[in-house]
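Worksheet: one structure, shown below.
Since every read-out is calculated from the coordinates, none of them should be taken as a lab result. All of these numbers come straight from a predicted model, not from anything done at the bench. Note that each Cβ is placed from the backbone with ideal geometry, even for glycine, and that neighbours are counted across all protein chains shown.
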Amino acid sequence: MKKLFIALTLFVSVAFKAAADEGMWLPLLLGQQVYNDMVKKGLKLSKDQLYNVNKASLKDAIVIFGGGCTGEVVSNQGMIFTNHHCGYGVIAGASTMEHNYLKDGFYAKNMGEEIPGGSLSVQFLVRIDDVTKEVMDSLKGLSGQERVSRQNAVLASINRRLSDTANAIETRISPLFKGNQFLAFVYQTYRDVRLVGAPPEALGKFGGDTDNWEWPRHTADFAIFRVYATKDGKPARYSTANVPLKPKWSLPVSLKGVKDGDFAMVWGYPGGTNRYESSYGIKLATDINNPTLVQLRDMRLKYMFEEMKKDPAIKLQLADSYAGIANYWKFYEGESKQLIKYDVYGQKTKTEAAFNKWAATKPEYQNIFRDVDAAYAAWRPYAMHRVYITEGVLGSPLLAFASSLQGLNNTMVKAGVSSADIKKAVDAATASRKNFIASHNRTSDRNIIAAVMQQYYTNVPRDQQPLGLYDAIKSEYGSLDKTSTYEKYADEIFKNTMLLDDRKWNDFVRNPDATVLQQDLAYNLASAYMINYQSKYLPRYQQFQTANNEWGRLYLKGIMEMDPAKAKMMYPDATFTMRVSYGKVASYNPRDAVRYDYVTTMKGMLDKYKPGDYEYDLPATFLAKARAKDFGQYKDAARNDLVTCFITTNDITGGNSGSPVINGNGELIGLAFDGNYEALSHKLAFDKDLNRTINVDIRFVLWCVDKLGGATNIIKELNIRK
Ligand code: ARG
């Protein structure tokens, strides 16, 4: 164990031979050779300027935005840039039909006009501690479920020790290299974050889902926020007495633009990758998990879009949830395609065969793939069922809310429960019901429920279905092969459920009765699916996960032992912890004879413009300024046009959205907002030729703010370098 610990610390801090631009490096452990390679490729900053625990450094400008994205500080008054799609929920939430900021955009002309972000928060990284030894010592000799439980307990206790709630200090330990290394990330959370500006959605989401995950792209995917703190710089809840945060570091902004081959680094919070997934995992994804998810999301999106198209109020109501579902619908569809196209399964089986040959004489490793084989064989028959629960049953907002009431039911039926406890649980349910109702659209959900019921009946193996459910439906509503049967049933639910009826719900609250809840048609249907799954199949899934963790950890340890030279070039999978990726601006060949330029321009955006289209319409003021080529200081001299987006070879993934793209001088040149379709296998296999990060050029952002938004106050606050 000890030896491994040392080896790990070494390989992340030592040698790295430049192979393409794969790698999401931990800034704490940026070894001299990685740093030297960055310098060779164009970095001008010192190591200390990048990351230093004791002095202000670039890392202090990078924040976790809203718990799932990245943001960066761009002024000495706490101004933050991120993506429009990261601020989307906040922008939609602040919008009404009268003040529709999602549709029309919004710019505060002074700090007084900024809009409180509600529950929005940002987190600054204070420091990173290596706690591998402490964790490993307490896990010695343990495996399987015992190890999982012990590890959870140890991490929770270290997290508590290193946190300080009074000062908004929160620590989260991240297991790296599949649990072969443990780093504690210490954050400080600021909860007064306000909306400063956003373009109209027509620009911020230009090209919609058709252009999503694709290059060439012309999207102004940016939004602007500000972090507030107490007068002495401490985190605090929203208060008019708060003042803009004085940050430790803020990024200057460069108007110099990009050239092919220019150095570019991306700092931020990549959410998750699994690049040492087994061939079995790849096969399960392409055979079952991905296609099932795509089909269920396809159906849900269709019914939601039908209603959104009809009515702008419904569009505003469903927009945020729709965007999230659509984003990963297209992602998983693309992931499957790329995995198959590049035969990632075949590549993995070869790697595994080589590993098995090496491991044949080593007791610790020789049985790994026998165990993987057994774990997948045991789980595979139930995999589709699980996706039907997570993406089907829980993909219906009504059934998801109904399922969330299982806890309430359990409280109510608990022996000896006090009426005070019941009241507490009922009040919590009433509060969450309020949020549910505000975002609920009945027509789309009715159609979704009917379709989920029918598809589940058709596709999930019969012997896994809840006992008696479909027989009962058949006897009351008709043939199980007819769509109308499920529609009738769904209509009945909507007519009767108390979850959608204020009067009935209030009656229930006044006199909470578990049987009333259990007999509610929505609750009843949801719990029929959930209890069946939770009692029979969830335990199998948990066993599968435990087995996966076990072999994954050993496999990675084995790989590093088998090939020490390769081990030195390894970076840990993304775990939503701060990483730096470096690469360069670069064009590419997506397919035979086709060349993609590394920038897009306003000319291309105007070419895509389709009046009245849902995804490619553009506002009149935009068209006027764009056609007049009123680009001012933001114009690109070489192209004699406004550059809109550009691509780089950086290795990023979801969570990096909003990340700064930084040049060799430490200046902001763009915001990363997407990955390209041809490399959508990137979570499982990085494509060294095709992988690109898609960025909005900072000059396009500032042109929107300045020339379209007239927000010169924002421009003046930036440290602009021409
Ligand atoms: N694919 C982008 C990401 O995951 C999100 C882009 C949002 N835009 C959209 N049209 N859905 O970061």
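Taking the Cα centre of region 557-702 as origin and charging only Cβ (+1 Lys, Arg; -1 Asp, Glu), how large is the dipole, in debye to the nearest 20?
The dipole magnitude comes to about 260 debye.
Evaluate the distance, in nm, between pseudo-label points positioned 7 Å from the Cα of residue 565 and of residue 96 along their respective Cα→Cβ axes.
Going from the residue 565 label point to the residue 96 one covers 6.8 nm.
Can you give the relative contact order of region 580-722 as a percent, counting alpha carbon pairs under 8 Å and 6+ residues apart?
Dividing the mean separation by the residue count of region 580-722 yields 23 percent.
In terms of modelled amide H atoms, which long-range or inter-chain residues lie less than 5 Å from the amide H of residue 576?
271, 272
Show the residues, 5+ positions off or on another chain, whose built amide H is closer than 5 Å to the amide H of residue 76.
none
What number comes out for the charge environment of residue 635, summing +1 per Lys or Arg and -1 per Asp or Glu over other residues with Cβ under 15 Å away? Each step should come with its number before you reach the end.
Details: positive: 256, 603, 625, 627, 629, 639, 699, 707, 722; negative: 630, 636, 641, 697, 706.
Net charge around residue 635: +4.
What are the extents of the Cα atoms of region 141-243 along their three principal axes, listed from largest to smallest and rounded to whole Å?
The Cα atoms of region 141-243 stretch 57, 44, 17 Å along their principal axes.
With an 8 Å cut-off on Cα pairs and a minimum separation of 6 or more residues, tell me the relative contact order of the chain in percent.
Computed value for the chain: 24 percent relative contact order.
Roughly how far apart, in whole Å, are the Cα centres of region 496-567 and region 228-298?
Cα centroid of region 496-567 versus Cα centroid of region 228-298: 27 Å apart.
Could you pull out the GluC sites (Glu not before Pro) across region 48-135 that fall in loop regions by DSSP (anything but H, G, I, E, B) with no more than 14 other Cβ atoms inside 10 Å?
Counting only loop positions with at most 14 other Cβ atoms within 10 Å, the GluC sites (Glu not before Pro) in region 48-135 are 98.
For region 331-405, what D do you get in µm² per second when you plug the Kirkwood radius from alpha-carbon pairs into Stokes-Einstein at 25 °C and 0.890 mPa s?
The calculation lands on 156 µm²/s.
What distance in nm separates the two pseudo spin-label positions at residue 475 and residue 409, each 7 Å out from Cα along the beta-carbon direction?
2.0 nm
Using a 4.7 Å Cβ cut-off, which Cys residues in the chain lack a partner cysteine?
645, 704
Using θ = phi - 60° and the Karplus curve 6.51 cos²θ - 1.76 cosθ + 1.60, what whole-Hz ³J(HN,Hα) does each residue of region 678-692 get, with Gly and Pro shown as x?
5, 10, 6, 7, 4, 5, 10, 7, 7, 9, 5, 8, 9, 5, 9
Net charge near residue 316, counting Lys/Arg +1 and Asp/Glu -1 over other residues with Cβ under 15 Å of its Cβ?
Local charge sum for residue 316: -1.
Rounded, prolate or oblate: which one fits region 370-487, using the alpha carbon gyration tensor with axes a ≥ b ≥ c (rounded when a/c is under 1.5, else prolate when a/b beats b/c, else oblate)?
Here region 370-487 falls in the oblate category.
Based on Cβ point charges of +1 for Lys and Arg and -1 for Asp and Glu, what charge dipole magnitude is obtained for region 490-632 about its Cα centre, in debye rounded to the nearest 20?
780 debye
Counting Lys +1, Arg +1, Asp -1, Glu -1, what net charge surrounds residue 380 among other residues with beta carbon under 13 Å of its beta carbon?
With Lys, Arg at +1 and Asp, Glu at -1, the net is +1.
Within a 10 angstrom radius of the beta carbon, how do 674, 592, 573, 706 rank from fewest other beta carbons to most?
Going from least to most buried by this count: 592, 706, 573, 674.
In whole Hz, what ³J(HN,Hα) sequence does region 126-135 give by Karplus (6.51, -1.76, 1.60; θ = phi - 60°), x for Gly and Pro?
Ordered by residue, 3J(HN,Hα) equals 7, 6, 10, 10, 8, 10, 3, 4, 4, 5 Hz.
If I take every Cα pair under 8 Å that is 6 or more residues apart in region 162-258, average their sequence separation and divide by the length, what percent do I get for the relative contact order?
Relative contact order for region 162-258 comes out at 23 percent.
Given H placed on each backbone N at 1.01 Å, which residues far from residue 127 in sequence or on other chains put an amide H within less than 5 Å of it?
When sequence neighbours closer than 5 places are left aside, the close amide H contacts are 186.
Give the separation of the Cα centroids, region 184-217 to region 579-615, in Å.
Cα centroid of region 184-217 versus Cα centroid of region 579-615: 18 Å apart.
Subtracting the Cα-Cα distance from 0.36 nm times the residue separation, let me have the gained length for residue 241 to residue 189 in nm, one decimal.
This chain segment gains 16.9 nm when fully extended.
Hey, could you get me the Stokes-Einstein D for region 642-722, Kirkwood radius over alpha-carbon pairs, 37 °C and 0.692 mPa s, rounded to whole µm² s⁻¹?
For the chosen part, D equals 236 µm²/s.
For the chain, what does the helix formula give at 222 nm: sum of -39500 (n - 2.57) over DSSP H segments with n ≥ 4, over the residue count, nearest 500 deg cm²/dmol?
-14000 deg cm²/dmol, from helical runs alone.
By a straight-distance test (C-alpha under 19 Å), which aspartates and glutamates pair with residue 350 as possible cross-link partners, with residues fewer than eight away in the same chain excluded?
Within the straight-line limit of under 19 Å, residue 350 reaches these aspartates and glutamates: 277, 371, 373, 561, 563, 687.
In whole Hz and in residue order, list the ³J(HN,Hα) couplings for region 310-323 that follow from phi through the Karplus curve 6.51 cos²θ - 1.76 cosθ + 1.60, θ = phi - 60°; x for Gly and Pro.
Whole-Hz 3J(HN,Hα) from phi for region 310-323: 6, 8, x, 5, 5, 4, 5, 5, 9, 3, 5, 5, 4, 4.
Give the Debye-formula value of log10 I(q)/I(0) at each listed q (0.08, 0.10 Å⁻¹), with one equal scatterer per alpha carbon of the chain, two decimals each.
Debye curve over Cα of the chain, log10 I(q)/I(0) at q = 0.08, 0.10 Å⁻¹: -0.70, -1.13.
Quickly rank 103-110, 582-589 as a protection proxy: mean count of other C-beta atoms within 10 Å, highest first.
The densest-packed peptide leads the list: 582-589, 103-110.
Could you order peptides 618-625, 184-191 by the average number of other Cβ atoms within 10 Å of their residues, highest first?
Going by the mean number of other Cβ atoms within 10 Å, highest first, we get 184-191, 618-625.
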